[in-house]
Amino acid sequence: MRGEPSCPKCGGRVRAPGLFADSWQCDVHGPVYPLQPVIPPSVEALSVVVHRAKVPVWMPWPLPVGWLFTGVVCAGDDRSGGRATAVACSGPGPLGGMGELILVAEELGVGLGARYAGMDAPDPGPYMDVGKPAQAKVLAGGRPTPLWHVSGAPADRAVFAGEALGMWLWAVVWPEQSGLLMYDELVLADLRDAGAEVELVPCGALSPRLIEP
């Protein structure tokens with residue numbers, strides 16, 4: 001588990017702002033919002049991200065039966081605030097075995113969702129066929145939100161994406177067959193609006209997908 005900020009797009013090292021640049025820099029991707037170190041899941045860790053976030057912090061709420069909150073990260077610093085958030089949850093898969101879900105909310109071009117999706121492009125737009133009906137729908141912040149299947153991702157995961165509250169919403173599910181979870185019209189809550197209910201979130205062990213997707 002790394003204890004320093006990293007690039008949200010590739011996980012590589014980043015340089016802090018200094019004399020020659022007023023933003024965090026990745027040698028490969030240039031200016032980025034730094035991905036903060038992953039810390040073990042807890043209500044306190046979740047609260048830190050929620051209070052920093054400038055974008056939604058999506059979580060299925062209520063969580064599916066048997067599912068637990070298994071970690072959260074954000075991209076951004078104290079000056080910029082959180083410009084991308086990723087929440088991990090784990091539990092029984094629809095077809096047996098364990099399933100894992102990471103929900104990412106981010107501004108255009110941050111690239112955190114694409115990293116978890118296993119894709120090179122920073123945004124899902126070119127890989128979504130929005131001319132066809134959406135393959136999944138969620139209720140995000142009380143609003144029906146269509147999600148399209150994102151092509152080009154590795155075969156071990158299912159990736160869906162759409163737009164919610166003016167931000168990209170990614171849903172990345174492992175293994176691929178656990179993508180059936182997204183057809184159940186999940187209800188997603190923006191934890192920035194949850195208030196004291198955040199203290200009721202059941203926590204599990206840290207998802208390794210947050211560190212090495």
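A short reminder: the numbers here are calculations on the coordinates, not readings from a lab. Being a predicted model, the structure only gives us computed values, none of them experimental. No Cβ is skipped: glycine too gets one built from the backbone with ideal geometry, and neighbour counts run over all protein chains shown.
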Quiz item: Efficiency by 1/(1 + (r/R0)^6): what FRET value for S47 and D184, r their Cβ-Cβ distance, R0 = 41 Å, to the nearest 0.05?
Solution: 0.90
Quiz prompt | Among D123, D77, D193: highest mean-square fluctuation, GNM of the chain, C-alpha pairs under 10 Å | solution = D193
Quiz item: Quick one: net charge of L186's neighbours, Cβ under 15 Å, K/R +1, D/E -1?
Solution: -2
Quiz item: What is the distance, in nm, between label points placed 7 Å from the Cα along the Cα-to-Cβ direction at F20 and at D120?
Solution: 2.7 nm
Practice problem: Using a Gaussian network model of the chain whose springs link C-alpha atoms within less than 10 Å, name the residue from P122, P62, P37 with the highest mean-square fluctuation. | Solution: P62
Quiz item: Is the shape of region 157-213 best called rounded, prolate or oblate, per the rule: a/c under 1.5 gives rounded, else a/b larger than b/c gives prolate, else oblate, with a ≥ b ≥ c the square roots of the Cα gyration tensor eigenvalues?
Solution: oblate
Practice problem: Would you mind telling me which residue in V150, V173, V48 has the biggest mean-square fluctuation in a Gaussian network model of the chain, where springs connect alpha carbons within a distance under 10 angstrom? | Solution: V48
Quiz item: Where nothing but the Cβ of Lys and Arg (+1) and of Asp and Glu (-1) is charged, how large is the charge dipole of the chain around its Cα centre, in debye to the nearest 20?
Solution: 200 debye
Exercise. For K54, go through the lysines and keep the ones whose alpha-carbon is under 28 Å away, minus same-chain ones fewer than eight residues off.
Key: K9, K137
Practice problem: Enter the Cα centre distance for the pair region 144-194 and region 57-78, rounded to the nearest angstrom. | Solution: 13 Å
Quiz item: How big is D for the chain, in µm² s⁻¹ as a whole number, if Stokes-Einstein is applied with the Kirkwood radius of its Cα pairs at 20 °C and 1.002 mPa s?
Solution: 126 µm²/s
